[in-house]
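Here's the structure we're looking at; comments come further down.
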Amino acid sequence: MLKDDDIFIDKNSYQHIWDVVINPTIQDYRNRYSEIIVSHNAKEVIWQEYVSFNRHAKLTYMQSSDGKLDRHKVCACYMFAILKANTLSCLLADSDTERSYLALNENLAITVGLSVLRAFVLSSIHCNNELSDVEKATFAKRIDNGVLFPDCNHGDYRNNFVAELYYTKKENHYNILSLANTLFLLEIHTLQTEAIHKQAKKKHPADKKK
């Protein structure tokens with residue numbers, strides 16, 4: 001389990017995320033689709049893009065750049081890093097197969113981002129001393145199988161999410177706060193409750209500059 005939402009600017013922690021989440025997801029894609037190729041320096045490029053997004057969020061949105069991002073912003077930074085790194089591509093250019101793979105990086109970003117978010121939430125649940133054992137078990141069970149998507153009036157939520165990320169990259173408009181807010185709402189939807197924090201009554205300074 002990923003244990004602490006305070007450590008993910010550290011290279012060793014990134015190595016753990018790569019080993020447990022990112023690389024296994026990439027290999028699963030490669031096993032299912034033989035035409036997929038992975039950029040030779042994907043691991044390092046994702047890390048560098050993550051560091052860049054993380055620093056941008058701290059310098060732009062936080063009262064103190066020495067502070068730590070909350071889990072939703074951390075996950076947003078990872079998702080955008082995967083998108084911008086252009087990790088996956090298709091060997092068969094201009095083919096029907098390639099057209100069906102156009103959202104590879106978007107789907108990879110969603111899978112990784114929600115996997116990391118799930119780990120963060122489970123850690124927060126288990127570390128929250130204000131929750132009873134019954135409450136911890138209840139909330140953990142709700143997210144045990146992953147973050148849930150709501151039903152949509154038009155289309156499928158994940159497909160809509162993929163489209164949002166596709167245009168984020170195409171338009172080069174990476175809004176960390178917006179994506180973090182989406183992830184927060186997905187967490188609330190999944191847990192069917194208000195946000196779960198390690199210390200529910202602890203008051204945190206506002207992230208955004210006044």
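The values are calculated or read from the model by the stated rules, or taken from the named source; none is laboratory data. As the structure is a prediction and not an experimental result, all values here were calculated from the model. All Cβ positions, even for glycine, are placed from backbone atoms using ideal geometry, and neighbour counts span all protein chains on display. SASA here: full protein model, heavy atoms, side chains in, ligands and nucleic acids out. Shrake-Rupley method; radii C 1.70, N 1.55, O 1.52, S 1.80 Å.
Things to note:
- Accessible solvent surface per residue of the stretch 22-67, calculated while the other protein chains remain in place, 1.4 angstrom probe, Å²: 57
- Length added when fully stretched, Glu164-Gln192, from 0.36 nm per residue minus Cα-Cα: 7.6 nm
- Accessible area per residue in Å² at 1.4 Å probe, computed on the stretch 102-149: 43
- Residue-span extension gain [His173 to Ala140] - 0.36 nm each, minus C-alpha spacing: 8.5 nm
- Each peptide among 73-84, 10-21 gets the average number of other Cβ atoms lying within 10 Å of its residues, and from highest to lowest they stand as 73-84, 10-21.
- Accessible surface ranking that places the most exposed of Tyr174, Tyr50 first, with a 1.4 angstrom probe: Tyr174, Tyr50
- Long-range amide H partners of Leu91 with built H, under 5 Å: Ile36, Ile37
- Full-extension gain in nm, Ser34 to Ser65, via 0.36 nm per residue minus C-alpha separation: 6.8 nm
- Converting phi to 3J(HN,Hα) with the Karplus coefficients 6.51, -1.76 and 1.60 and the offset θ = phi - 60°, the stretch 42-50 yields 4, 4, 6, 5, 4, 4, 5, 5, 4 Hz in sequence order, with x at every glycine or proline.
- Sorted on the mean count of surrounding Cβ atoms within 10 Å across their residues, most packed first, peptides 61-68, 109-116 read 109-116, 61-68.
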